[in-house]
Amino acid sequence: MSLNKTPAFCVECKDQEASVFCEQCDEDFCEVCHAMLHRTGNRRKHTMKNLIVKPPANGSDEPVVNGDVTEILLSNNEVGKGSSSTLTSSGELDGTVISGGGATLGEWMTARAKTVPLRLDEKERNMLRLLEAALNVSEYTDKIDIISYSNKARRIVLQIKDICAVISGLLVSGDYKLGSRLFAKRNIRENEAFFQRVFEVGRRFKIMNPEKMRSNYGKLMHMLMDSVVPEVEELLGFSCVIPIKTVYEFLKKRNRVDVLHDDLIALATREIAPELKTREQIDAEVQRKRRAVEQLGKKYANSDISAEDIERCLSSLSDNHAYLKANRDPCERMSKYLAKYFNPAKTESNYSLAIMAGRQGHRLTHSHSNQYAYVHQSLGLWREIVHEMFMLWSLADSDLLSSSPYRLTNTGQGLQRIQTCPGVGRAMQKILGRAQKRGGSWVGSSAVHLGDKNVPNSFMFIDKYNQVSRILTPIIRTLDRLDCLDQDKELEAYVKDTFGGVEQCRKDILYDFFRFGF
């Protein structure tokens, strides 16, 4: 067995590249399968060797990248071990050194910036309004995703041209000078760059604002999926797709990636949490953050990039931290509630988390300890996925807009586009492996559904995990607000008579959620 040869596929799952060689088993495994098979018993004592040897960085500022997935996927617990550096609950770093291969703050920020979309400027927001208006009146999926015997490629081209024509008309009516310059003597094909930018703006805006474009984004991605089909692109005469503009690409083009390695970057991009702080403390933190942004703008502005552009990049990174606080932190908060009110080794009277298939709508049979572990591992996996959501969304965008064909199939929930998701699949295997290592044990299946009837494509995968915060946040807000019931004496008396007090009420809510929500 040679470590320099190209690794084969895992002998267990047979679809992932082998990355680990077990000397006792004399077989190659992927990271996830090796962790699962060698978690317990005598196999825990087996020795392993890494098949994939990463090359040295050679003094480069770039983080080590393996394929499409950046290897520096750090979480709170992986930061600051043995040093003063910490990763706060919002995802920002205090300090300069990150453990795990000696990665620095600048390398961590660079890895993040490669998947963080750039905020829209004023011109791009005008383009976004044009796109949303055109998609609002479009019936693209109603006319394309149907069982029909007519030529599908021609129907797709006709619908794409209709959307482009609507955008053109709206642009002319809103800005006659610009519209006449673009479309007076040129057709849609000759304005390829303009339409590419419009469609890219829509994709970028959606990643930064998952709660927006709830229905229009699906139309947009289905249209762009069809536009990359070779036959359609040939009939259309131009390409509709360009890469999403990220903070890293924007800075690299202007030779200003060094701003990501400045010590002030952590302060300039941090998310200011208002919890347990006075108004004066919050204002002071806002002022410190604003001064840091201004200092970085003045320091790195030149003829290629203005201070406003640098502030735009910093605001984009700050948006990422705000997203983590709003979407990842609820998973951590719920895990803390689970550990506080329930004990896996001890079952309290009337508070057993045990469930049985066929009773009260349950589909699984778990003991109290198994259900506790199942809830804990689910929250941990959700947390890991949401922590890397921008990276996963970038890979999902690449998977959707690749030349890989899809199958229109009735999955039981209507006609869905089933398409392979190689990029998201590889990233999820790594995230799942990390979650399994942290949990120590795993209850149930570790299969990741992608490109099947359960999760037809990466668009559905992203939409699925975007619901996590929408599920957890209302429950956590309710639990937090229970402490304010003492402001209403009648309501406080009702809770005390019905539940036995605020703490008992909070435990009852969690008991129902942990049994029926999982």
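The values are calculated or read from the model by the stated rules, or taken from the named source; none is laboratory data. Remember, predicted model here, so these are calculated numbers, not experimental data. Positions of Cβ are generated from backbone atoms using ideal geometry, with glycine treated the same way; all protein chains shown enter the neighbour counts. The protein model used for the area step is the full one, side chains on, heavy atoms only, and it has no ligands, DNA or RNA in it. Shrake-Rupley method; radii C 1.70, N 1.55, O 1.52, S 1.80 Å.
At a glance:
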item: Where segment 322-423 is the region considered: accessible area per residue in Å², 1.4 Å probe; result: 45 Å²
item: Qualifying aspartates and glutamates (Cα of each under 15 Å from Cα of LYS289; at least 8 residues distant if same chain); result: GLU92, ASP94, ASP262, ASP263, GLU271, GLU280, GLU311, ASP319
item: Estimated inter-spin distance, LYS253 and MET356, nm [label 7 Å along Cα→Cβ]; result: 6.3 nm
item: Rounded to 10°, Cα long-axis angle of helix 216-227 versus longest principal axis of the chain; result: 60 degrees
item: LYS298/ARG125 FRET efficiency (R0 25 Å; Cβ-Cβ; nearest 0.05); result: 0.45
item: Calculated FRET value between LEU276 and THR409, using beta carbons and R₀ = 56 Å, to 0.05; result: 0.65
item: Distant-in-sequence amide H partners of GLU271 (H built 1.01 Å from N, under 5 Å); result: GLU92
item: Aspartates and glutamates whose Cα lies under 18 Å from that of LYS45, excluding same-chain neighbours fewer than 8 positions away; result: GLU23, ASP26, GLU27, ASP28, GLU31
item: Too-long pairs where the Cα-Cα distance tops 29 Å, listed order kept, from LYS453/LYS507; LYS14/LYS453; LYS245/LYS464; LYS49/LYS325; result: LYS453/LYS507; LYS49/LYS325
item: Amide H partners (placed H, <5 Å) of PHE9, local residues excluded; result: ALA18
item: Nitroxide proxy distance, nm - points 7 Å out along Cα→Cβ at LEU235 and LEU178; result: 3.1 nm
item: Euclidean distance of C-alpha centroids, segment 450-518 and segment 29-54, integer Å; result: 37 Å
item: Karplus-derived 3J(HN,Hα), 6.51/-1.76/1.60, for each residue of segment 276-291, Hz, glycine and proline x; result: 6, 10, 7, 4, 5, 5, 5, 4, 5, 5, 4, 5, 5, 5, 5, 5
item: Full-extension gain in nm, THR347 to MET48, via 0.36 nm per residue minus C-alpha separation; result: 103.8 nm
item: Rounded, prolate or oblate (a/c below 1.5 giving rounded, otherwise prolate when a/b exceeds b/c) for segment 170-316 by Cα gyration tensor; result: prolate
item: ILE146 versus ASP283: modelled label distance in nm, points set 7 Å from Cα along the beta carbon direction; result: 6.1 nm
item: Nearest-0.05 FRET efficiency for LEU491 and LYS212, computed from C-beta distance (R0 41 Å); result: 0.70
item: Estimated 222 nm signal from helices in the chain, with DSSP H stretches of n ≥ 4 weighted -39500 (n - 2.57), rounded to 500; result: -16500 deg cm²/dmol
item: Cα gyration tensor category, rounded, prolate or oblate, for segment 373-518 with a/c compared to 1.5; result: prolate
item: Whether segment 138-254 is rounded, prolate or oblate, judged on the alpha carbon gyration tensor where a/c under 1.5 counts as rounded; result: oblate
item: Degrees between helix 368-387 axis and first principal axis of the chain (Cα, 0 to 90, nearest 10); result: 30 degrees
item: Acute angle (nearest 10 degrees) that the helix 489-499 long axis makes with the longest principal axis of the chain, alpha-carbon atoms; result: 60 degrees
item: Carbon/sulfur fraction of accessible area - segment 300-393, other protein chains in place, 1.4 Å, %; result: 48 percent
